[in-house]
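Derivation of every value follows stated rules applied to the coordinates shown; laboratory data play no part. All of these numbers come straight from a predicted model, not from anything done at the bench. Positions of Cβ are generated from backbone atoms using ideal geometry, with glycine treated the same way; all protein chains shown enter the neighbour counts.
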Amino acid sequence: MEPLLPQHIELTPGVRSGKPRIVGTRICVSDVVVWTEQGRSPEEIVNDFPQLSLADVHAALAYYHDHRQEIDRQLRASEEFADSLRASVHITLPHNPELSFFRNC
């Protein structure tokens, strides 16, 4: 484990794929970035995740700004992976007249 902003951010192989995360949690720096890009304030994030301090959220954002290319690359890779999963999943309902409503939605 390599502390980066020692009290707030750590990298641990095998935990969240080794991505930088808030110490003692599974909340990654990239999670905080996405939430702020969705319009959530640091205070709202702390309210939703009371195990975090305001300093943790700001440390995650500081880490992001210091490692922006790396985190943006991780976010793009996650989006591409999710897109490939969505593209490969085909749900076919069995032929059943009672289920015809669902086919027309």
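Checking every residue in segment 46-55 against the condition of being crowded, with 19+ Cβ neighbours inside 10 Å, touching a Lys or Arg at 6+ places or on another chain (Cβ under 6 Å) and of a type outside the set (Asp, Glu) gives zero matches. Considering segment 7-29, and only residues there that are among the β-branched types (Val, Ile, Thr) and buried (at least 17 other Cβ atoms within 10 Å of the Cβ), the residue that is farthest from residue 71 (Cα to Cα) turns out to be 23. Among the residues here, residue 14 does not qualify as assigned to a loop (DSSP other than H, G, I, E, B) and touching a residue at least 12 places away in the same chain (Cβ under 8 Å). For segment 56-84, the set of residues classified as buried (at least 16 other Cβ atoms within 10 Å of the Cβ) and of a type in the set (Phe, Trp, Tyr) consists of 63, 64, listed by residue number.
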